[in-house]
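Taking it in order: structure first as structure tokens, then the write-up.
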Amino acid sequence: MAFDANPPLGLYVHLPWCERKCPYCDFNSHAAATIPEDAYVDALLDDVGQDLPLVWGRRIETLFIGGGTPSLFSGAAIDRLLAGLRALTNFAPSVEITLESNPGSADAGRYRDYRAAGVNRLSIGVQSFDDGMLSALGRVHDAADARRAIELARAAGFDNLNLDLMYGLPGQDCDAALADLEQALDFAPEHLSHYQLTIEPNTLFHHRPPAGLPDDELAWRQQTGCQARLAAAGFDHYEVSAYARPGREARHNLNYWQFGDYVGVGAGAHGKLTLAGEDRVVRRVRLRQPRAYLEARGPARIARETIAGADDLVFEFMLNATRLVRGFDVRLFHRTTGLGLDALLPGLNHAKNKGLVEFDGRRIRPTELGFRFLNDLQASFLDADRPRRRPIFEAGDEIMHN
Ligand SMILES: C[S@@+](CC[C@H](N)C(=O)[O-])C[C@H]1O[C@@H](n2cnc3c(N)ncnc32)[C@H](O)[C@@H]1O
Ligand code: SF4
């Protein structure tokens, strides 16, 4: 592999605590009555130092503070975190700074403090405006809390707002999914993330699935019905689950889907960094358990570091890029993997023959069938014989996605 330049760089910060664990959630999130926020901010600022030698001179284009429930952190803690990160790293003047918020911890003063600290995009986990659904999902808030959170965010000056909604909920029909969406649209959000509820292993719902989960056909009708309503409301469907008003795409997430680079700090966070000068791509994963992460020092917070091989890069690139509704310019593949198009061709021909993808010589784009059966499309790029990634070292830590 040979790189011409490094791809754009983002920074992900994971805050791993929640008020209560939701029964469907497999994120690295832990219920806690109190949060050691000062110690954790110290740990994050120390942790980012581990990756600085790998990103010298590069600008951070986007920062995403995710969780868990970052809105459990005080305004003062987020301010100290952002001031520290600004001092240590090189934020682009137009940096997008997103923070995830749960309506259960929405607070007028806190939202104003986040905005004053420099957060310029707020993502609110609404999920549904139906109190029955929210209670079936084990959420800590009701629909009135969700409405209040959105109003408080606007009053605090957030003009770039994402709402998370879920569909495919227990007992939910098409009209109910559309009614949720309609209420979200009443608030004119700039961005909407519309996720189908998935039953993940290692969750309470996996052991005790809720009654009345929609079958694939109903979930597909909910999805396409909501897609049509969002298109009519002027939203661009640009990624499997993401819809934006013009120019309001989630830049941080778009960088993942376009296979850009990111530093990942905090418990269980993943990072991916291209070292163009050395023609290498390095992945790092932090210790997953918050206590272990807090107690470790310096490099001991890194649970695992791997160098991505060519086969890994082909698959990981396609895992991300096939999520983009309009596909991608084929030059992006070389720019972000350092590989020639020939590395992509076996999988591409396989997927094309199955009608899952289109390729006109310039752009690669999933077909409607490819979108519906995205796992099959992505699996076309998985080489059954490929060797596993070579760990440089491993601290025996369980890896979770965030
Ligand atoms: C980290 S959470 C957002 C912030 C906050 N923790 C909350 O839940 O309000 C990210 C989003 O992922 C979605 N999500 C989590 N688990 C999911 C699942 N099993 N199926 C579908 N969506 C899920 C939810 O919409 C959630 O808002
Ligand atoms: S869905 Fe959000 S609030 Fe619920 S446990 Fe997961 S991260 Fe926490």
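Using the count of nearby Cβ atoms within 10 Å as a rough guide to exposure, how do Tyr111, Tyr24 rank from fewest to most?
Least crowded to most crowded, the residues run Tyr24, Tyr111.
Among the cysteines of the chain, Cys18, Cys174, Cys226 have no other cysteine beta carbon within less than 4.7 Å of their own. For segment 9-255, averaging the sequence separation of C-alpha pairs within contact (under 8 Å, six or more residues apart) and dividing by the residue count gives a relative contact order of 18 percent. When restricted to Cα atoms, segment 311-379 yields an Rg and a Dmax of 10.7, 29 Å, respectively.
The modelled label-to-label distance between Ala92 and Arg154, using points 7 Å beyond Cα along the C-beta direction, is 2.9 nm. Model label points for Ala76 and Arg372, set 7 angstrom from Cα along the Cα-to-Cβ axis, are 5.6 nm apart.
The P(r) of segment 120-275 has a tail past 29 Å containing 22 percent of all C-alpha pairs. Neighbour counting of Cβ atoms within 10 Å sorts the residues Val263, Val314, Val282, fewest neighbours leading, into Val282, Val314, Val263. Across segment 311-379, C-alpha contacts under 8 Å between residues 6 or more apart give a mean separation that, scaled by the residue count, equals a relative contact order of 35 percent.
Dipole size of the chain about its Cα centre, with +1 on Lys/Arg Cβ and -1 on Asp/Glu Cβ: approximately 760 debye, rounded to the nearest 20. Listing Glu200, Glu305, Glu316 from fewest to most neighbouring C-beta atoms within 10 Å gives Glu200, Glu305, Glu316.
Sorted on the mean count of surrounding Cβ atoms within 10 Å across their residues, most packed first, peptides 370-381, 68-79 read 68-79, 370-381. Note on the chain: Kirkwood radius taken over Cα pairs, Stokes-Einstein applied at 20 °C and 1.002 mPa s, translational D equal to 97 µm² s⁻¹. Here Thr198 and Asp360 are evaluated by their C-beta separation; at R0 = 30 Å the FRET efficiency comes out at 0.40.
Only the coordinates and a few stated rules stand behind these numbers; no lab work does. Not measured: the values here are computed from a predicted model. Cβ atoms come from the backbone with ideal geometry, glycine included; neighbour counts cover every protein chain shown.
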